[in-house]
Amino acid sequence: MKNRTFRIGNIGVDRALLISSFVFRLLQEDWSDVFKPQSVRSYQQIFSAAYFTEALRKDHTALGAFVKEELIGIYILKKEFGGVGFVDWLGVDKRFRRQGVASELLRLGDQLALSLKLHFLYLYTERKSNISFYENRGFKLIGTLNNAWFGEDECVLAKQLKDQPFAEVYKKVGR
Ligand SMILES: CC(C)(COP(=O)(O)OP(=O)(O)OC[C@H]1O[C@@H](n2cnc3c(N)ncnc32)[C@H](O)[C@@H]1OP(=O)(O)O)[C@@H](O)C(=O)NCCC(=O)NCCS
């Protein structure tokens, strides 16, 4: 993107608290209209610094968008087995939306996924208005999981990054 004011880089496990604070605020500001209050609170408890510490040590990778030193956007990818990746988190600070931050995070997320030998990505979204955003970026709507986690509805979207799995995924099952 031209005249871009943000930069994107990896966020290490040492910044798990920063990620969880960012996610806590996103949940507060952006999920209150789509989730029941008790679902928001439950997710805020789940996505703690301890969650991200463990996840980043194990099988997750986080990309952060920064303006100067401030974290303004995140993309978190979980590497599953068989060449499949789960986009665990995507979110951009309200003040920096509609400037291409999430699009760039998704673009770099695809590159990251390919470098991890993933050929397929999937994610969930609770917000119907996000569906076209993802469709415009190569995802397809698979369906809806009604009454799923905490009784909330989740739309499932998936993207094929490569026709066939990487040969490597068969060589060693697991991560
Ligand atoms: C969904 C979300 C991640 C999008 O982030 P974003 O950084 O605003 O996304 P982008 O700027 O890349 O794109 C958003 C729209 O702005 C448009 N846009 C991008 N750059 C623009 C610019 N410079 N000027 C005007 N519009 C622009 C894009 O075309 C896009 O519209 P489109 O989908 O119709 O093409 C953000 O709204 C968010 O964090 N929402 C709350 C959390 C959430 O729902 N996360 C996803 C959970 S699954």
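Bear in mind these aren't lab numbers, they're just calculated from the coordinates by the rules spelled out. Keep in mind the model is a prediction, meaning the values are calculated, not measured. Ideal geometry is used to build each Cβ from the backbone, glycine not excepted, and the neighbour counts take in all protein chains shown.
As a quick test, which of the pairs Lys78/Lys140; Lys128/Lys162; Lys79/Lys140; Lys78/Lys162; Lys58/Lys171 have an alpha carbon distance above 24 angstrom in this structure? Over 24 Å apart, Cα to Cα: Lys128/Lys162.
Please report how far the C-alpha centroid of segment 1-36 lies from that of segment 135-175, rounded to the nearest whole angstrom. Answer, in whole Å: 21.
Dipole orientation for the chain: of the candidates Ala113, Thr125, Phe52, Ala113 has the Cα lying most toward the positive pole (charges on Cβ; Lys, Arg +1; Asp, Glu -1). Basic side chains Lys and Arg get +1 at the Cβ, acidic Asp and Glu get -1 at the Cβ, and with that the dipole of the chain about its Cα centre reaches some 480 debye.
Taking a ≥ b ≥ c as the square roots of the eigenvalues of the Cα gyration tensor, segment 1-54 is classed as oblate, since a/c reaches at least 1.5 and a/b does not exceed b/c. Computed extension length for Lys171-Ile46: 41.6 nm, one decimal, from 0.36 nm per residue of separation with the Cα-Cα distance subtracted.
What translational diffusion coefficient, to the nearest whole µm²/s, does the chain have by Stokes-Einstein, given a Kirkwood radius computed over alpha-carbon pairs, a temperature of 37 °C and 0.692 mPa s viscosity?
Result for D is 195 µm²/s.
For a test of the definition: using alpha carbon positions, the gyration tensor, and the 1.5 limit on a/c, classify segment 63-164 as rounded, prolate or oblate. Intermediate results must be reported in sequence, preceding the final value.
Details: a/c = 1.72, a/b = 1.14, b/c = 1.51.
It comes out oblate by the Cα gyration axes.
For Trp31, neighbours were defined as the other residues whose beta-carbon sits under 14 Å from its Cβ, and their charges (Lys and Arg +1, Asp and Glu -1) total -1.
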